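The values are calculated or read from the model by the stated rules, or taken from the named source; none is laboratory data. Quick caveat, the model's predicted, so the values are computed rather than measured. With ideal geometry, Cβ positions are generated from the backbone for all residues, glycine too; neighbour counts draw on all protein chains shown.
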Amino acid sequence: MKLTFLGVRGSTCAPGAGFVRYGGHTSSVAVTPAGATTPTLVLDAGTGLRSLTGMLGGAAFRGTILVSHLHWDHVQGLPFFAAGDRPDATVRVVVPAQDDRSGRDLLAQLMSPPGFPITPEGLVGDWRFDALEPGTTQVEGLGVTAVEVEHKGGRTYGYVLEEDGRRVAYVPDHAPAVGVSDALLAALDGVDVLVHDAQFLEWERPRARDYGHATVDDAVHLAERVGAAKVVLFHHSPGRVDDDLDTMADVVPTELDIVTASEGLELEI
Ligand SMILES: [Zn+2]
Ligand SMILES: [Zn+2]
């Protein structure tokens, strides 16, 4: 499968001259399974999701969007996804199940007047909204394991995708310093690539803990602990300019292959 990073920021967009190389869109990663020519699976629907419309070259989106959790920076691109908001689109949106509410109702809490002009039903095309419990299932031909992770404010999942024995884990918002479950360790064991929250640096640790996030050290140490082959630093602080991100992977000594995610980055897995 191929990952294409469409948005790599956390919290809120980061426009401006200091952010052009790594990009300012919030979290979204497109996945093109082997044998497919365009993405059929998307991890999170931050503002980066808008870029998928261009990637599809005029075609409608037909596939699934796996949402890690319902914070704004992971869903705000949904109503602005033109390739999904058209009559010939087929879009399944999957969110973490919580509070005995339907997927539609969970999204409608964010997407309905007066906070937003339309409800989920206002999207054009064949849209479906599902609330998913943790576990393993098949999505768009890939094995998908949803596992609950420590974060703040609502249920949050990490997703592990598997195709022909190759595995990538996507854990965009996570506070490993607060706790790492056995279920998460098992799901991440030996992954080829771990895409992980790296919003903070060690000197910012008090804020990382308050906000339910990871430091770069946390991300690297978790990757080492589970025996990942590569770690991708993701969900960058909106205040971290390009020059800061250039050196972010150097702050932790490690033998691991480290990549600092940037908009447009493609990874074959
Ligand atoms: Zn986030
Ligand atoms: Zn969050």
>> For Thr145, only one of the following conditions fails: (1) within 16 Å of ligand 1 (Cβ to nearest atom); (2) more than 18 Å from Leu256 (Cα to Cα); (3) hydroxyl-bearing (Ser, Thr, Tyr). What is its number?
In response: (1)
> Out of curiosity, is Arg128 assigned to a loop (DSSP other than H, G, I, E, B) and either surrounded by fewer than 18 Cβ atoms within 10 Å (Cβ to Cβ) or within 16 Å of ligand 2 (Cβ to nearest atom) (or both)?
Replying inline: no
> Of these, Ala175, Ala198, which one is within 17 Å of His213 (Cα to Cα), hydrophobic (A, V, I, L, M, F, W, C) and touching an Asp or Glu at 6+ places or on another chain (Cβ under 7 Å)?
Replying inline: Ala175
> Which pairs do you get when a residue that is over 16 Å from Leu267 (Cα atoms), found in the range 142-169, comes within reach of a residue that is assigned to a loop (DSSP other than H, G, I, E, B) and among the basic types (Lys, Arg), reach meaning Cβ atoms under 9 angstrom, with the pair 6+ apart or on two chains?
Replying inline: Glu148/Arg155
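Matching residues to (1) under 30 Å from Val20 (Cβ atoms); (2) modelled with pLDDT of 95 or more; (3) not in a loop (DSSP other than H, G, I, E, B):
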{"site": "Glu162", "(1), (2), (3)": "no, yes, yes"}
{"site": "Arg205", "(1), (2), (3)": "yes, yes, yes"}
{"site": "Val231", "(1), (2), (3)": "yes, yes, yes"}
{"site": "Pro238", "(1), (2), (3)": "yes, yes, no"}
{"site": "Asp244", "(1), (2), (3)": "yes, yes, yes"}
{"site": "Thr254", "(1), (2), (3)": "yes, no, no"}
{"site": "Ser262", "(1), (2), (3)": "yes, yes, no"}
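So that you can scan it fast, the table gives a plain yes or no per residue for (1) among the acidic types (Asp, Glu); (2) surrounded by 16 or more Cβ atoms within 10 Å (Cβ to Cβ); (3) free of Cβ contacts under 8 Å to residues at least 40 places away in the same chain; (4) within 11 Å of Asp44 (Cβ to Cβ):
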residue	(1), (2), (3), (4)
Val67	no, yes, yes, yes
Gln76	no, yes, no, yes
Asp85	yes, yes, no, no
Thr90	no, no, yes, no
Val95	no, yes, yes, yes
Ser102	no, no, yes, no
Leu106	no, yes, yes, no
>> Need pairs with beta-carbon distance below 6 Å; first residue within 18 Å of Val259 (Cα to Cα) and more than 16 Å from ligand 2 (Cβ to nearest atom) and within the range 16-30, second among the polar types (S, T, N, Q) and modelled with pLDDT under 95; sequence gap 6+ or separate chains.
In response: none
> Within the range 2-22, can you find the residues that are under 15 Å from the mean Cα position of the chain (by Cα) and within 16 Å of ligand 1 (Cβ to nearest atom)?
Replying inline: Phe5, Leu6, Gly7, Val8, Arg9, Gly10, Ser11, Thr12, Cys13
>> Pairs needed: first member in the range 116-127, within 17 Å of Trp72 (Cβ to Cβ); second member anywhere, surrounded by 14 or more Cβ atoms within 10 Å (Cβ to Cβ) and charged (D, E, K, R); C-beta distance under 8 Å; at least 6 residues apart or different chains.
In response: Pro120/Arg104
>> Going residue by residue through the range 189-198, is there one that turns out to be farther than 17 Å from His71 by Cα, among the acidic types (Asp, Glu) and in contact (Cβ under 8 Å) with a residue 60 or more places away in the chain?
In response: yes
> Just checking, how many residues over the range 23-78 are assigned to a loop (DSSP other than H, G, I, E, B) and either closer than 21 Å to Pro120 by Cα or away from ligand 1 (no atom under 16 Å from the Cβ) (or both)?
Replying inline: 26
> How many residues are surrounded by fewer than 20 Cβ atoms within 10 Å (Cβ to Cβ), more than 22 Å from Ser237 (Cα to Cα) and among the basic types (Lys, Arg) when one looks only at the range 136-186?
Replying inline: 1
